[in-house]
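Encoded as structure tokens, the structure appears first; notes follow it.
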Amino acid sequence: MINEFNFLKDGERFDDLEIKGYKIIQNKDGFCFGIDAVLLSSFVVADKDDKVIDLGTGTGIIPILVEAKKEPLHLTGLEIQKEVYDMACRSVKYNNLEDKIDIVNGDIKEASKIFGKGKFDVVTTNPPYMVNSSGLKNPNMKKAISRHEILCNLDDVIREASYLLKQKGRIYMIHRPSRISSIICTLNTYKLMPKRIRFIHSYVDSEATMVMIEAVKGMGEFIKVMPPLVVYEKNGEYTEEVKRIYGK
């Protein structure tokens, strides 16, 4: 039997992902994954022979969830912060996924140089939402890097995604609705055409708080706006759809 304590460092814990028995290492003083990563992992379309890369993978939550839900051929996570990269590596090892998931320590801005161009069928990313000059920055630098465009910006992420993708490859991104104009313009600049858009609302009568976008490299213009995804019922419980996404 695996001893969980052999995988943990000071301040860390295991969180149960409630799928395939997988668990992930997190640190209470770092940036822990949220519902955005869980929702994005279900929005992704990945076939059995696809190679997938997650840009800015953090603790590896999206590759682990996509492996559990979609079972593509292989997944790679790219993470620049060495401490967070180390946590992701240990989570992959704990779940016996070394043959399915590679975690690489590197800079998103250099991704196409690290891996080569046209090597992947799918790119996933949950990038920093806030431009570097906006909002109050968290004094915890690990959290600030996850939330603000400090080490990379939207153009960096989309440019490198386009370079990494094969023709007709797909990118899946979750972001803030307030930046959708910039997102679509940047996608178009790098020949990535939006195909599916889905807005996420906390409640049925509230404004959208997040948006998920699928774009395809080298395809024509045709966008499908999907029905909104509502997270909570009025009583504060998850909606039935979100319960299904969480496997409840």
Pairs with Cβ under 7 Å, 6+ apart, first in the stretch 235-248 and within 11 Å of E18 (Cβ to Cβ), second of a type in the set (D, E) and loosely packed, with under 14 Cβ neighbours inside 10 Å: Y246/E18; G247/E18
Unique match (being among the aromatic types (F, W, Y), farther than 27 Å from L154 by Cβ and either in contact with a strand residue (DSSP E or B) (Cβ under 7 Å, 6 or more places away or on another chain) or crowded, with 24+ Cβ neighbours inside 10 Å (or both)) among Y85, Y94: Y94
Tally of residues being among the aliphatic types (A, V, I, L, M), farther than 26 Å from Y238 by Cα and out of contact with any Asp or Glu (no Cβ under 6 Å at 6 or more places or on another chain) across the stretch 47-74: 3
One residue from K113, K109, K117 being modelled with pLDDT of 95 or more and outside any helix (DSSP H, G or I): K117
Meets criteria (aliphatic (A, V, I, L, M), out of contact with any strand residue (DSSP E or B) (no Cβ under 8 Å at 6 or more places or on another chain) and at pLDDT 95 or above) for L136: no
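The values are calculated or read from the model by the stated rules, or taken from the named source; none is laboratory data. Since the structure is predicted, the reported quantities are computational estimates derived from the model, not experimental observations. Counting neighbours? That spans all protein chains shown, and the Cβs are built from the backbone with ideal geometry, glycine included.
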